[in-house]
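Below is one structure, written out as structure tokens, with a few remarks after it.
The values are calculated or read from the model by the stated rules, or taken from the named source; none is laboratory data. Bear in mind the structure is a predicted one, so any value in this text is a computation, not a measurement. Neighbour counts are summed over all protein chains in view; Cβ atoms, including those assigned to glycine, are modelled from backbone coordinates with ideal geometry. With ligands, DNA and RNA removed, areas are computed over all heavy atoms of the protein, side chains included. Shrake-Rupley method; radii C 1.70, N 1.55, O 1.52, S 1.80 Å.
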Amino acid sequence: MIRIGQGYDVHKLTENRELWICGIKIPHTHGLDGHSDADVAIHALCDALLGALALRDIGYHFPDTDPEYKGADSKKLLFHVVKLIREKGWEIGNVDITIIAQAPKFKDYIEIMRTTLAEVMATDTDRVSVKATTTEHLGFTGRKEGIAAMAVALLTKE
């Protein structure tokens, strides 16, 4: 059996915040605004994994009204989601993430992002794809107002 889920997330860029993407701190002039560390890529990935099993969304499991998640490390949220999936008897087939941002450039960080996510999910790196693209200066990402991410996850069960 297989199940597919997709996720999407957006966060606004703001001053005086660190930029965390795929569990990696990226040097940049701005970070993402959010209740947790605002790791837009991990949030999209969590939604894709949860969506594959119709388990609602990341906001349901980790509400931004709960002070427990204030400043939370999104890798911990991802770990919890993967644990929930495995408790239901499913395994990760593969995941694919696309980061949408005009800046910064992510090419030098892609491999460490893949390795970090694979470690958190306790899966092989070759099951984790991370890509980045721009919008050619169009829209809010093109104006460097925010960063978006999309993710797709394939889950398998024997």
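Please identify the pairs in which a residue from the range 66-81 that is in contact (Cβ under 8 Å) with a residue 24 or more places away in the chain and of a type in the set (S, T, N, Q) has its Cβ atom under 6 Å from the Cβ atom of a residue that is surrounded by 10 or more Cβ atoms within 10 Å (Cβ to Cβ) and not in a helix (DSSP H, G or I), counting only partners at least 6 apart or on another chain.
As it stands, the answer is SER74/SER36; SER74/ASP37; SER74/ASP39, since those pairs meet every condition given.
Of ASP108, ASP126, which residue is of a type outside the set (Gly, Ala, Ser) and part of a helix (DSSP H, G or I)?
It is ASP126.
Give me a count of the residues in the range 42-56 that are in contact (Cβ under 8 Å) with a residue 24 or more places away in the chain and either open to solvent by 50 Å² or more (accessible area, probe 1.4 Å) or among the β-branched types (Val, Ile, Thr) (or both). Write out each step before concluding.
Here is the first cut: in the range 42-56, the residues in contact (Cβ under 8 Å) with a residue 24 or more places away in the chain are 42-53, 55.
Among the residues that remain, those that are also either open to solvent by 50 Å² or more (accessible area, probe 1.4 Å) or among the β-branched types (Val, Ile, Thr) (or both) are: 42.
Here the count works out to 1.
What is the residue count in the range 103-147 for residues that are surrounded by 19 or more Cβ atoms within 10 Å (Cβ to Cβ) and either touching an Asp or Glu at 6+ places or on another chain (Cβ under 7 Å) or more than 15 Å from VAL10 (Cα to Cα) (or both)?
Of the residues in the range 103-147, 10 are surrounded by 19 or more Cβ atoms within 10 Å (Cβ to Cβ) and either touching an Asp or Glu at 6+ places or on another chain (Cβ under 7 Å) or more than 15 Å from VAL10 (Cα to Cα) (or both).
Taking into account only those residues within the range 9-41 that are of a type in the set (A, V, I, L, M) and touching a helix residue (DSSP H, G or I) at 6+ places or on another chain (Cβ under 7 Å), which is surrounded by the most Cβ atoms within 10 Å (Cβ to Cβ)?
Here the residue is ILE21.
Answer yes or no as to whether ILE92 is modelled with pLDDT of 95 or more and either more than 22 Å from ARG17 (Cβ to Cβ) or surrounded by 15 or more Cβ atoms within 10 Å (Cβ to Cβ) (or both).
Details: modelled with pLDDT of 95 or more: yes; either more than 22 Å from ARG17 (Cβ to Cβ) or surrounded by 15 or more Cβ atoms within 10 Å (Cβ to Cβ) (or both): yes.
Taking the combined requirement at face value, the residue satisfies it.
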